[in-house]
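*Asks:* Have a look at the structure that comes next, please.
Derivation of every value follows stated rules applied to the coordinates shown; laboratory data play no part. Because the structure is a prediction, the values reported are computed rather than measured. Here the Cβ positions follow ideal geometry from the backbone for every residue, glycine too, while neighbour counts run over all protein chains shown.
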């Protein structure tokens, strides 16, 4: 008897279809809905605190400027639920880990500012993770190879994944699989539009898992699993868990 593959349910910024993204309530709901992992976005404030938000600029939080130009106190005064009309607080990485690190693994996406990479974000992220004893269950991801190389330089045992932009041209796409392998990544995280059986087969041949983003449609989820992906980032963990209830 063929046993259906059990894909990893990765909550994209928490259960963000239902609650303001990248907030503690969205993460709590993701746990409640049976997620296997939660993906969150890391930025560094002007006073060197790691906060969780998707964009480097503050427009999505109803303000002007950038996170890099803001202090933690200023970030805490903003509304993470601005776009949804639901109030929400911007959390720090420490707050997230203290609440959830012993309950569910995290995929930490290290972002960058309009001025370039955040100086010291890699080291501060590793320190927060390692001090809570969850380095082995945490996946660090980035579109930037320089960020992933720095993570591995600071902590060779750290687990990393290379993100692939949907605008990546076809010929370069297969080179990205090779680059992920050369970086000693354990996973490739491509946009769902880039996923083909050939890509997945090549990645698996090199020992890479394939976790694709972001899919909320049930038929789309089934198609991606049929192509062989190992995990799917979704804003609707409950929908995906209903398809594969034995995770």
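*Asks:* Could you run through the stretch 157-199 and say how many residues are without any contact (Cβ under 8 Å) to a residue 12 or more places away in the chain and over 22 Å from residue 12 (Cβ atoms)?
*Replies:* Residues meeting the conditions: 7.
*Asks:* Which residues, taken from the stretch 68-77, are closer than 11 Å to residue 53 by Cβ, under 22 Å from the mean Cα position of the chain (by Cα) and assigned to a loop (DSSP other than H, G, I, E, B)?
*Replies:* Looking only at the stretch 68-77, we keep the residues that are closer than 11 Å to residue 53 by Cβ, and these are 70, 75.
Subsequent filtering for residues that are under 22 Å from the mean Cα position of the chain (by Cα) retains 75.
Within the stretch 68-77, no residue meets the criteria.
*Asks:* For the stretch 16-36, state whether one or more residues are part of a strand (DSSP E or B) and buried (at least 22 other Cβ atoms within 10 Å of the Cβ).
*Replies:* For the stretch 16-36, residues part of a strand (DSSP E or B) and buried (at least 22 other Cβ atoms within 10 Å of the Cβ): absent.
*Asks:* Here are some conditions: (1) over 15 Å from the mean Cα position of the chain (by Cα); (2) in contact (Cβ under 8 Å) with a residue 40 or more places away in the chain; (3) part of a loop (DSSP other than H, G, I, E, B). Residue 104 meets all but one. Which one does it not meet?
*Replies:* Answer for residue 104: the failing condition is (1).
*Asks:* Only one residue in 133, 88 is assigned to a loop (DSSP other than H, G, I, E, B), out of contact with any strand residue (DSSP E or B) (no Cβ under 9 Å at 6 or more places or on another chain) and surrounded by fewer than 17 Cβ atoms within 10 Å (Cβ to Cβ), so which one is that? Before you say what the answer is, go through the steps one by one.
*Replies:* Values: 88 fails: surrounded by fewer than 17 Cβ atoms within 10 Å (Cβ to Cβ).
Criteria check complete, one pass: 133.
*Asks:* Could you tell me which residue of the stretch 107-116 is farthest from the chain's Cα centre (by Cα), considering only residues that are surrounded by 20 or more Cβ atoms within 10 Å (Cβ to Cβ) and assigned to a strand (DSSP E or B)?
*Replies:* Let us first name the residues in the stretch 107-116 that are surrounded by 20 or more Cβ atoms within 10 Å (Cβ to Cβ), namely 107-111.
Filter once more, keeping what is assigned to a strand (DSSP E or B): 107-110.
On the way: 107: 4, 108: 5, 109: 5, 110: 8 Å.
Of everything passing the filter in the stretch 107-116, 110 is farthest from the chain's Cα centre (by Cα).
*Asks:* When you scan the stretch 188-207, how many residues do you find that are crowded, with 21+ Cβ neighbours inside 10 Å and within 17 Å of the chain's Cα centre (by Cα)?
*Replies:* Residues in the stretch 188-207 being crowded, with 21+ Cβ neighbours inside 10 Å and within 17 Å of the chain's Cα centre (by Cα): 3 in total.
*Asks:* May I pose another question? Check 148, 121, 78 and return the single one that is free of Cβ contacts under 8 Å to residues at least 24 places away in the same chain, buried (at least 16 other Cβ atoms within 10 Å of the Cβ) and closer than 19 Å to residue 44 by Cα. Explain how you work it out, then say what you get.
*Replies:* Numbers: 148 fails: free of Cβ contacts under 8 Å to residues at least 24 places away in the same chain; 121 fails: free of Cβ contacts under 8 Å to residues at least 24 places away in the same chain.
Being free of Cβ contacts under 8 Å to residues at least 24 places away in the same chain, buried (at least 16 other Cβ atoms within 10 Å of the Cβ) and closer than 19 Å to residue 44 by Cα holds for just one of 148, 121, 78, which is 78.
*Asks:* Out of the stretch 216-241, which residues are farther than 11 Å from residue 7 by Cα and in contact (Cβ under 8 Å) with a residue 24 or more places away in the chain? Full working, then the answer.
*Replies:* Here is the first cut: in the stretch 216-241, the ones farther than 11 Å from residue 7 by Cα are 216-220, 223, 227, 234-239.
Correct list: 216, 218, 220, 227, 234, 235, 236, 237, 238.
*Asks:* Here is a follow-up. Go through (1) touching a residue at least 12 places away in the same chain (Cβ under 8 Å); (2) surrounded by fewer than 17 Cβ atoms within 10 Å (Cβ to Cβ); (3) out of contact with any helix residue (DSSP H, G or I) (no Cβ under 9 Å at 6 or more places or on another chain) one by one and return the number of the condition residue 139 breaks.
*Replies:* (2)
*Asks:* Given (1) closer than 19 Å to residue 164 by Cα; (2) surrounded by 14 or more Cβ atoms within 10 Å (Cβ to Cβ); (3) out of contact with any helix residue (DSSP H, G or I) (no Cβ under 6 Å at 6 or more places or on another chain), identify the lone condition not met by residue 221.
*Replies:* Answer for residue 221: the failing condition is (3).
*Asks:* From the residues in the stretch 30-63 that are touching a helix residue (DSSP H, G or I) at 6+ places or on another chain (Cβ under 9 Å) and free of Cβ contacts under 8 Å to residues at least 24 places away in the same chain, which one is farthest from residue 114 (Cα to Cα)?
*Replies:* Ranking the qualifying residues of the stretch 30-63, first place goes to 32.
*Asks:* Being in a strand (DSSP E or B) and more than 22 Å from residue 105 (Cβ to Cβ) is the filter here, so list the residues in the stretch 37-55 that pass it.
*Replies:* Correct list: 44 only.
*Asks:* Take residues that are touching a strand residue (DSSP E or B) at 6+ places or on another chain (Cβ under 7 Å) and more than 24 Å from residue 104 (Cβ to Cβ) and tell me which of the helices (runs of 4 or more DSSP H) falling wholly in the stretch 137-247 contain 1 or more. Working first, answer last.
*Replies:* On the way: elements: 145-154, 170-182, 197-205, 218-226, 237-243.
Where helices (runs of 4 or more DSSP H) fall fully within the stretch 137-247 and carry at least 1 residues being touching a strand residue (DSSP E or B) at 6+ places or on another chain (Cβ under 7 Å) and more than 24 Å from residue 104 (Cβ to Cβ), they are 145-154, 170-182, 197-205.
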